[in-house]
């Protein structure tokens, strides 16, 4: 039975199959036992696993978020081009003029394109993951502090809150992105950040680059942001205030979060290799008495066309 046939069979039986629930390797699929709604948020219980997965990994939402995510990636890619660097320079020289003419214009375009996609994902605050709720709480404080509603004719406050909502959905529905932030942000030493912000941010950024194994183009895009922070004191102050406000205890990977990272080969969670983490998983599974169904899909026949998952 191949992937499509199994998914169809399980759907007819009323059973949900989550592709890649435990990682990116083959055999990492999870069968949903139940979805739990509680005051602490939404959780998914997988068959044979004692750990609860925070949220519910909806594939349709992840796919719908591709357009908003792509626009942000394009914007960051442009920052690394000659024109982008000139724009950064002009922002440093004429921050108010550049902000109004380019940044707010982009945010307005971004909002008009993505509003229809994101509005249907809206949900109460308590339904977000704990780590995402903390990022949203901090973002609300910083946005209202730096972009009050009455200061700008082009209401930057509305645009940045919309951008915050966009990023929140990326993190909430795409565990791979959220887990990376949970792994890397708590490494920041707040005392060192206050003393020498650029040095501390660069130190943690270098750790991230060493751990990231899948998105070299995104790492390159972040180089433009690092350059911007190095030469823009207002932007650096905003980022530092954001990081100082964050409660890292609510951001960091807890025991359950880390368990769902153990078979992900695209990133070195906690600086450990995939083989090291797989050994940890074997020990945990034995101690917890896990009996997770091993679902392995039949490879396509030699002359059978490979069909893409819809």
Contour minus Cα-Cα span, residue 232 to residue 192, at 0.36 nm per residue, comes to 12.5 nm
Extension reserve of the residue 50-residue 276 stretch, reckoned as 0.36 nm per residue once the Cα distance is removed | 79.2 nm
Ordered by packing density, taken as the mean number of other Cβ atoms within 10 Å over each peptide's residues, highest first, how do 172-185, 262-275, 129-142, 26-39 rank?
-> 172-185, 129-142, 262-275, 26-39
Per the 1/(1 + (r/R0)^6) rule, R0 = 22 Å and r from the Cβ atoms of residue 287 and residue 256, FRET efficiency to 0.05 is 0.95
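Would you mind ranking 168, 50, 112 by Cβ crowding within 10 Å, fewest neighbours first? Mind showing how you got there, number by number?
Values: 168 22, 50 14, 112 9.
Placing the least packed residue first, the sequence is 112, 50, 168.
No lab work stands behind these numbers, since they all come straight from the coordinates. Worth saying up front: this structure is predicted, and the values here are computed from it rather than measured. Cβ: placed from backbone, ideal geometry, glycine included. Neighbour counts: every protein chain shown.
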